[in-house]
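The values are calculated or read from the model by the stated rules, or taken from the named source; none is laboratory data. These figures come from a predicted structure and were not determined experimentally. We place every Cβ from the backbone using ideal geometry, glycine too, and count neighbours over all the protein chains shown. All accessible areas refer to the heavy atoms of the entire protein, side chains included, with ligands and DNA or RNA removed. Shrake-Rupley method; radii C 1.70, N 1.55, O 1.52, S 1.80 Å.
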Amino acid sequence: MSTPVKERIALLDIVRGLAVLGILLMNIRLFSEPSAAYLNPMVYSAHEGANKLWWFIQYFLADQKFMAIFSMLFGASTAIICDSLANKGLPVALTFAKRIFGLLVMGLAHAYLLWSGDILVFYALGAIAPFLFRNARWWVTASVGTLLLAIGSVWSLLGYHSFAELSPMVQEEIAAYMWLPPMEHLQHEVEAFQGGWLSQQPLRAEHSWYFHTDVFVNWGVWRVTGVMLIGLALYRAGFLRGALSTKAYATIAAISFPIGFTLVTLGYMNNEAANWAFPYSMFAGSQWNYWGSLFVAMGYMASIAVLLTATRFRFGFNALTNVGKAALSNYLFQTVMCTSIFYGHGLGLFGQLERWQTAFVVLAVWATQIILSTLWFKRFKQGPMESLWHRFTYARWL
């Protein structure tokens, strides 16, 4: 999630800062209400009025978009790190393996001790893909990444058709487990996370295990590794190095945004028309955003590149850079701050706020992270977790 201090690329740091702040727009759902509400707006809160508007804003601007950017940047950082190691004559495979092992340890601790929505484990498990293709031609890497994404898409559509063929009664039973849990199950989750840390632990472990097994195998391995490879390809092609012309970046943004937002909007409209029903919205209805989010993510990054290369606009860029240089630290800090607000070992607001009210929590966390990141980099060159990760990676183990 970060690059060595001497390898900093302005575009990457700004985009990384945007992504770590933007991803909270989606993660706030998992922090604040039952996990099934992350994908299904019909779960727990009323899908109307300000709640519905806030859901649409999250879906339209953030859902899978910033996770896609993070995955692309992870692919790019694989190239940066491995190139640097090779140039220095250091053992590439061993050092990279230590780095990924450190990420895996942090991810597992994060998931099983703090918050089950962790994504670091996915990145650690999927890291083999960009490592294997780190020296391949960019178009080969992009093709393989697109193929992996396509496999994930086909897998989801097959899942839809297999569930759609079942009787309505069986579909309802499965939906109660996967998509629309009964209120007593939701209330059990609310009570668990409103309790102390020990009372949260069984459910947190259950959710983490499900996320790292079923979700990773059926969705994450295709989505995350596919987008990582696309990010690696974009770096090799010059896109993520800021090496393209302003015209090229502007053209990419002008193409990506209309395609991406059109697909995302069609997906939202179709899911609304289906009343977010199972199995359509969970499988087939999700495909619009699955692909549209990639184009929107490209549009976000290309737009920042245009501002950097062709304008004097720099408002907020220093703040985003500081947040981006400590992306791992800020990602973990979001968990510490949000669980302190919503879980029982803190304020215990889990399941208590209207969905739209969480927007103010997001703004408060953003402001805190921007201020702390700015103050931190007045004295230090790396974020706190980045520094520990770096030491772990380059330490002599024997």
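At 1.4 Å probe size, with the rest of the protein present, what percent of the exposed accessible area of region 114-252 is carbon and sulfur atoms? Of all accessible area on region 114-252, carbon and sulfur atoms account for 68 percent. Charge tally around ALA305: other residues with Cβ under 14 Å, Lys/Arg +1 each, Asp/Glu -1 each, net +3. Panel note: the C-alpha atoms of region 328-398, placed on their principal axes, show extents of 51, 30, 16 Å (largest first). Cross-link partners of LYS65 among lysines, defined as those whose alpha carbon lies under 25 angstrom from its own and excluding same-chain residues fewer than eight positions apart: LYS52, LYS247, LYS325. A simple packing score, the average count of other Cβ atoms within 10 Å per residue, orders the peptides 168-181, 363-376 as 363-376, 168-181, with the highest score first. P(r) tail, region 157-253: Cα-Cα pairs separated by more than 22 Å, 59% of all pairs. With a 1.4 Å probe and all protein chains left in place, how much of the accessible area of region 272-398 comes from carbon and sulfur atoms, in whole percent? That share works out to 66 percent. For a straight C-alpha distance cut-off of 19 angstrom, the aspartates and glutamates reachable from LYS88 (same-chain residues fewer than eight places away being disregarded) are GLU7. Taking the longest Cα principal axis of the chain as reference, the axis of helix 197-210 is set at about 80 degrees.
Peptide packing: for 74-83, 239-248, the average count of neighbouring Cβ atoms within 10 Å per residue gives the ranking 74-83, 239-248, highest mean first. 3J(HN,Hα) along region 384-396, derived from phi through the Karplus expression 6.51 cos²θ - 1.76 cosθ + 1.60 where θ = phi - 60°, amounts to x, 6, 4, 5, 5, 4, 5, 5, 4, 5, 9, 6, 7 Hz, with x in place of Gly and Pro.
When each of the peptides 64-70, 160-166, 119-125 is scored by the mean number of other C-beta atoms lying within 10 Å of its residues, the order from highest to lowest reads 64-70, 119-125, 160-166.
Surface exposure of the chain, expressed per residue as accessible area with a 1.4 Å probe, stands at 44 Å².
The loop-placed chymotrypsin sites (Phe, Trp or Tyr not before Pro) in region 273-318, going by DSSP, that have at most 15 neighbouring Cβ atoms within 10 Å of their Cβ come out as PHE313, PHE315. Each residue of region 294-310 is assigned a 3J(HN,Hα), and the resulting list reads 5, 5, 4, 4, 4, x, 4, 5, 5, 5, 5, 4, 5, 4, 6, 8, 10 Hz, derived from the Karplus form 6.51 cos²θ - 1.76 cosθ + 1.60 (θ = phi - 60°), x at Gly and Pro.
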